[in-house]
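Before any comments, here is the structure.
Throughout, read-outs are computed from the coordinates displayed, never taken from laboratory work. Everything quoted here is computed from the prediction, not taken from an experiment. Virtual Cβ from ideal backbone geometry, glycine too; neighbours counted across all protein chains shown.
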Amino acid sequence: MADRPAPRKRPVHHLLVQRTERLSPHMIRVVLGGEGFATIVNNDFTDRYVKLLFGQPGVTYPEPYDAEAIRRDFPREQWPTTRTYTVRRCDPVARELTIDFVYHGAEGYAGPWAANAKPGDPLNLMGPSGAYAPSAEADWHLLVGDESALPAIGSAIEALPAGVPARALLLVHGEAEEQKFDTAADLEITWLHGDSGADLVAAVRALEFLPGTVQAFVHGEAGFVADLRGYLGKERGIARELLSISGYWRLGKNEDGWQAEKRETRLREEAEAAARA
Ligand SMILES: Cc1cc2nc3c(=O)[nH]c(=O)nc-3n(C[C@H](O)[C@H](O)[C@H](O)COP(=O)(O)OP(=O)(O)OC[C@H]3O[C@@H](n4cnc5c(N)ncnc54)[C@H](O)[C@@H]3O)c2cc1C
C-alpha cells in the first residue's frame, strides 16, 4: 500500500477578546484581535467559518499550542472541545475578527463562553475555511436560515451585487432578534418569529419563485434543512452547485453528537453507493 501523505497541519491562531456587544436578547457579538491576528489568512467566502477550541477545565496545554500534539499526548477526555462559527467580519486594517454567537441557554461551551467573555480573554481557533459566496451568474438569490445562520446570511446579503433580486426567509425568536443589513440588492426579507422549523419550510414552499436561475443558501437546524433539501433539490430541481445547504446544529444534540451523526450518515451512504456499483 502506498504511504499516505501526512495530514496537513492546520495552524492555530491565538486571539484575544477585544470587546463584546449584546446585539439582541439571543445574539452576542465578540470581536477578537491581538498579535495572533497576524497569522490569519482571510478568504472571500461569505460563509467563511472557524473552528473554536475550548480547553477542558483544569487542563493546561503546553506552549506553543499544538493541536496535533495535544491529540497525540493527552487522553481523549482532555482534548479541547471544537465548535464551528461563521466569521461575521474580518477586518485586516483594524486587525479584528468578529463572531456573532447565538445564546441558546446555559448548556454547551460556545454560547456560555460568549455570554461571559470579557476583554483580554484568550480564544484559540483554526481557519477560516468556506465554500459559498453569492455568484454574479445567478439571476436571483434565495437565503434561508435561523439565528445560527444570520451571520453567514448577513455577510451574503452585504456582498450581493447591486440591483440583483434576493429573497431571504429568516426564523428568529422574536422581533427583537431582527437585524438590519446594508445592501444595494433588490432584497425582500420575510422574518418569521418563534422556533418552528416547520413554519420556515412552509414559508419557503409558499414563496413564489422568480424567473431565471436561483442560487440558494440554506442553513440552520438540521430538521428543517433536511426538509428543504428535498424540496429545493428534488422538487424545485436546483442544481447541486447552486445549492449550499447543511445543518448547522441539531436539536437535542451537541456539536460533537451532530458531527458524529453526519459522519455515520456519509459512511452509510458511501457503502450503499459502493454496493450498488
Ligand atoms: C459552518 C457552521 C457555521 C456556524 N456559524 C454559527 C454562527 O455564526 N453563530 C452561531 O450561533 N452558530 C453557528 N453555528 C452553529 C453552532 O456551531 C452550534 O449551534 C453549536 O452547537 C453551538 O455550540 P455550543 O457549545 O454553544 O452548544 P452545544 O454544546 O453544541 O449544544 C448544547 C445544546 O444546545 C443546543 N443548541 C446548539 N445550538 C443551538 C441553537 N443555535 N439554538 C438552540 N439550541 C442550540 C444543542 O442541540 C444541544 O442540545 C455554525 C455551525 C456551522 C457548522
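Rounded if a/c is under 1.5, else prolate if a/b is larger than b/c, else oblate: which is the range 209-277, with a ≥ b ≥ c the root eigenvalues of its Cα gyration tensor? It comes out oblate by the Cα gyration axes. Shape class of the range 162-207 from the alpha-carbon gyration tensor: oblate, with a/c at 1.5 or above and b/c at least as large as a/b. If only the Cβ of Lys and Arg carry +1 and only the Cβ of Asp and Glu carry -1, the dipole of the chain around its Cα centre is close to 760 debye. For the chain, the convex hull spanned by the alpha carbon atoms encloses 172 Å³ per residue.
Over the range 112-240, what portion of Cα pair distances is larger than 27 Å, expressed as a whole percent?
On the way: 1889 of 8256 pairs.
Counting pairs separated by more than 27 Å, the tail of P(r) holds 23 percent.
For the range 130-189, the set of GluC sites (Glu not before Pro) satisfying both a DSSP loop assignment and a count of at most 15 other C-beta atoms within 10 Å is given as Glu137, Glu178.
Among the trypsin sites (Lys or Arg not before Pro) in the range 179-233, those placed in a DSSP loop whose Cβ has at most 11 other Cβ atoms within 10 Å are Lys180. Measuring between their Cα centroids, the range 102-138 and the range 191-254 lie 22 Å from each other. Under the simplified labelling scheme, the Phe209-Asp256 pair shows an inter-label distance of 4.2 nm, with each label point 7 Å from Cα along Cα→Cβ.
Cross-link pairs exceeding 25 Å between alpha carbons, from the set Lys234/Lys262; Lys180/Lys262; Lys9/Lys262; Lys9/Lys51; Lys9/Lys118; Lys180/Lys234: Lys180/Lys262; Lys9/Lys118; Lys180/Lys234.
For the chain, a Gaussian network of Cα nodes joined below 10 Å ranks Gly120, Gly252, Gly105 by mean-square fluctuation, and the top entry is Gly252. Computed per residue of the chain from DSSP H runs no shorter than four, each worth -39500 (n - 2.57), the mean residue ellipticity at 222 nm is -7000 deg cm²/dmol. With the charge dipole of the range 1-139 set up from +1 on Lys and Arg Cβ and -1 on Asp and Glu Cβ about the Cα centre, the Cα lying farthest toward the positive end among the listed residues Ser135, Thr46, Leu23 is that of Leu23. Taking a ≥ b ≥ c as the square roots of the eigenvalues of the Cα gyration tensor, the range 58-103 is prolate, since a/c reaches 1.5 or more and a/b is larger than b/c.
Considering only Val164, Leu123, Ala184, whose Cα is most displaced toward the positive end of the charge dipole of the chain, charges sitting on Cβ of Lys, Arg (+1) and Asp, Glu (-1)? Projecting each Cα onto the dipole axis, the largest value belongs to Leu123.
DSSP finds beta bridges in the range 161-277, and of those with both partners inside it, around 5 percent are antiparallel.
Most simply put, the chain has about 55% antiparallel DSSP beta bridges, counting only bridges with both residues inside it.
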